[in-house]
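What follows is one structure encoded as structure tokens, with my remarks underneath.
The values are calculated or read from the model by the stated rules, or taken from the named source; none is laboratory data. The shown structure was predicted, so the numbers you read here are calculated from the model rather than taken from an experiment. Backbone-built Cβ (ideal geometry, glycine too); neighbour counts: all protein chains shown.
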Amino acid sequence: MARLTGKVAVVTGASKGIGAAIAQELAKDGASVIVNYASSAPGAEAVVANIQKAGGKAKAVRADVSKPAEAKQLIDATVSEFGGIDILVNNAAVYDFLPLQQITEAHFDRMFNLNVRGLLFATQAAAGAIGERGGSIINIGSMASQAPPPGGSVYSATKAALDALTRSLAAELGPRKIVVNAVLPGPVETEGAQSMPGWDQFKTQLLPRTPLGRIGQPRDIATVVSFLASEDAGWITGQIIPVAGGLH
């Protein structure tokens, strides 16, 4: 039996990249998966189709989790579709690097609204719906919280907030058998990363600092998330776990 059989998972921002890989990995391990998206319906439907083709259960649900009411609607739709929720993966995020003098209120608000507020209110809704047997919440952070790069002050601050929320919520939700952990990817080869200006130069700079000698792939993150979502990880909570090939 797959280790997530009988579990229901929500993955936010799952229409592409790391989120899509996580949704597919959770489904492969037996979970019924809600593939959340904010704008890319075709991408989300493609992820659902891949899961169903492999024999899994999935449904795409649109919600902008930066809006608390829509985050609640996402969880309500999950319970309606699959009868409950056991796993929430807070993956939805935006990133944008700007030097200090170019930072605007809109830049700040865009990232904090999704990366921090969205995570908090999606977690609030999910925690309210998770049953007595408990569950797992996994926050997808970034190594930028540990080593903030130049020009990344706002993005790095959102990911440092994610680390703090992870620890605090783990302490708060532990008595309800809900474990909360964060996974911190290093550079990962996704569609979004490849479209970044200077991506090739960025990779060249980071490879010498990565003992395993390569850039990460989405499934490198997804397999760790699936483990943390399983009962095999039931004694792990409040942890901030770099998954970055040893990047330092």
Seminar exercise, completed: Residue hits (the stretch 48-66; among the charged types (D, E, K, R) and without any contact (Cβ under 8 Å) to a residue 24 or more places away in the chain) are K53
Exercise. Across the stretch 83-132, which residue is farthest from P148 (Cα to Cα) among those that are of a type in the set (D, E) and at pLDDT below 95?
Worked result: E132
Problem set entry | Among the residues listed as V179, V154, the single one being at pLDDT 95 or above and in contact with a His (Cβ under 9 Å, 6 or more places away or on another chain) | V154
Problem set entry | Condition broken by E189, with the remaining ones in (1) touching a residue at least 60 places away in the same chain (Cβ under 8 Å); (2) within 23 Å of G13 (Cβ to Cβ) satisfied | (1)
Seminar exercise, completed: If we ask which residues in the stretch 154-196 are farther than 13 Å from I18 by Cβ and among the acidic types (D, E), their number turns out to be 2
Exercise. Which condition number in (1) touching a helix residue (DSSP H, G or I) at 6+ places or on another chain (Cβ under 7 Å); (2) part of a loop (DSSP other than H, G, I, E, B) is the one that P197 fails?
Worked result: (1)
Seminar exercise, completed: Within the stretch 29-81, of all residues that are part of a helix (DSSP H, G or I) and among the hydroxyl-bearing types (S, T, Y), the one surrounded by the most Cβ atoms within 10 Å (Cβ to Cβ) is T78
Problem set entry | Criterion (under 17 Å from the mean Cα position of the chain (by Cα) and part of a helix (DSSP H, G or I)) met by exactly one of Q24, Q101 | Q24
Seminar exercise, completed: From the option list I236, I241, single residue qualifying as surrounded by fewer than 20 Cβ atoms within 10 Å (Cβ to Cβ), at pLDDT 95 or above and in a loop (DSSP other than H, G, I, E, B) is I236
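Listed here are the residues, each with its yes/no results for (1) farther than 25 Å from R176 by Cα; (2) touching a Leu at 6+ places or on another chain (Cβ under 9 Å).
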site	(1), (2)
A20	yes, no
A38	yes, yes
N50	yes, no
L74	no, no
Seminar exercise, completed: Considering the stretch 200-233, residues that are among the hydroxyl-bearing types (S, T, Y) and either touching a helix residue (DSSP H, G or I) at 6+ places or on another chain (Cβ under 6 Å) or assigned to a helix (DSSP H, G or I) (or both), and then whichever is surrounded by the most Cβ atoms within 10 Å (Cβ to Cβ), we arrive at S226
Exercise. Going by the structure shown, is A122 surrounded by 15 or more Cβ atoms within 10 Å (Cβ to Cβ), touching a residue at least 60 places away in the same chain (Cβ under 8 Å) and part of a loop (DSSP other than H, G, I, E, B)?
Worked result: no
For this session: Test D109 against the stated conditions and say whether it is touching a residue at least 24 places away in the same chain (Cβ under 8 Å) and on the phi < 0 side of the Ramachandran plot.
Result: no
Exercise. In the stretch 151-167, is there at least one residue being acidic (D, E) and either buried (at least 18 other Cβ atoms within 10 Å of the Cβ) or outside any helix (DSSP H, G or I) (or both)?
Worked result: no
Exercise. Can you tell which of G6, G19, G13 is in contact (Cβ under 8 Å) with a residue 24 or more places away in the chain, assigned to a helix (DSSP H, G or I) and not charged (D, E, K, R)?
Worked result: G19
